[in-house]
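A.B. asks: Below is one structure. I have some questions about it.
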Amino acid sequence: MPDFSTLAFFAAAALVLTATPGPDMLLLASRSVSQGQGAGFLTLAGIVLGTYCHALAAAFGLSQLIATVPVAYEIVRWAGCAYLAYLAWKTLASRAFDFSPSAKLKRMPLRRIFGEGLITNLLNPKMALFVLALFPQFVRPDNGSIVAQTLVLATVLNGIGLIVNGAVILLVGQIRRGLSMPGRLRKLPQYLLASVFAGLACRLAFGERA
């Protein structure tokens, strides 16, 4: 088990990283605008589970494979790009979006909302590399099981993410309820979310392998 000073330093690093706007925060905000706070928190739950999966992969050496074998990295990267492009297309084709706070939305299945958050996180190889780069700095073999320590760090990271991203979801939800757009502008959240998915796909496809 990591000691208190190690956890405190890791928590500080995690807070800085989590509070920096990135793909996860953008996805959560877009989902909250388009489908409400509940959908935002359900997407966050998928991301949380994905983070645990990445942490376990790092503990068992799978992330090391992605980091050192170019073919493995490319397979995950292009699978993620294809999935995000598919989500962008599905979002544009969906009729489940309306920006009017009084409108009765055609709710998306909860399993789909959760699954999109999870799979989007899992198919992001940069998340795997991030975990691989950060976690080993705070794991010590003499502190016990590597897997247990990794899960503790993942829990701290997810706890901070819940606070930061939860605040974003609640804020966006309040903004959504306070606004109403007539006519064609009601489809704005739909276009926004599709743009987020398409933008993440492009970022993954053309961004540097960091």
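The values are calculated or read from the model by the stated rules, or taken from the named source; none is laboratory data. It should be emphasised that the depicted structure is a prediction, and the values quoted were computed from it without experimental measurement. Positions of Cβ are backbone-derived with ideal geometry, glycine not excepted, and every protein chain shown enters the neighbour counts.
A.B. asks: Within segment 106-134, how many residues turn out to be buried (at least 20 other Cβ atoms within 10 Å of the Cβ) and of a type in the set (Gly, Ala, Ser)?
C.D. replies: The qualifying residues number 2.
A.B. asks: Take segment 15-28 and flag every residue that is surrounded by 22 or more Cβ atoms within 10 Å (Cβ to Cβ) and either within 12 Å of Val164 (Cα to Cα) or touching a Pro at 6+ places or on another chain (Cβ under 6 Å) (or both). Spell out how you get there, then give the answer.
C.D. replies: Here is the first cut: in segment 15-28, the residues surrounded by 22 or more Cβ atoms within 10 Å (Cβ to Cβ) are 24, 27-28.
Within segment 15-28, Asp24, Leu28 meet the criteria.
A.B. asks: Report whether or not Ala58 is in contact with a Phe, Trp or Tyr (Cβ under 9 Å, 6 or more places away or on another chain), within 26 Å of Val164 (Cβ to Cβ) and not hydroxyl-bearing (Ser, Thr, Tyr).
C.D. replies: The answer is yes for Ala58.
A.B. asks: For segment 158-190, which residues satisfy the criterion of being exposed (fewer than 15 other Cβ atoms within 10 Å of the Cβ) and modelled with pLDDT of 65 or more? Spell out the reasoning first.
C.D. replies: Filtering segment 158-190 down to residues exposed (fewer than 15 other Cβ atoms within 10 Å of the Cβ) leaves 159, 163, 167, 170-171, 174-175, 177-185.
Listed by number, the residues that qualify are Gly159, Ile163, Ala167, Leu170, Leu171, Gln174, Ile175.
A.B. asks: Ok, one more. List, please: which pairs have Cβ atoms under 9 Å, are six or more places apart or on different chains, and start with a residue in segment 120-133 that is under 9 Å from Ala58 (Cα atoms) and end with one that is basic (Lys, Arg) and buried (at least 22 other Cβ atoms within 10 Å of the Cβ)?
C.D. replies: none
A.B. asks: Would you kindly identify the helices (runs of 4 or more DSSP H) lying entirely within segment 11-83 that contain at least 2 residues that are in contact with a helix residue (DSSP H, G or I) (Cβ under 7 Å, 6 or more places away or on another chain) and modelled with pLDDT under 75? Working first, answer last.
C.D. replies: Details: elements: 23-35, 37-60, 62-68.
Correct list: 62-68.
A.B. asks: Residue by residue through segment 161-175, note down the ones that are more than 16 Å from Leu49 (Cβ to Cβ) and of a type in the set (A, V, I, L, M).
C.D. replies: Scanning segment 161-175 gives Ile163, Val164, Ala167, Val168, Ile169, Leu170, Leu171, Val172, Ile175.
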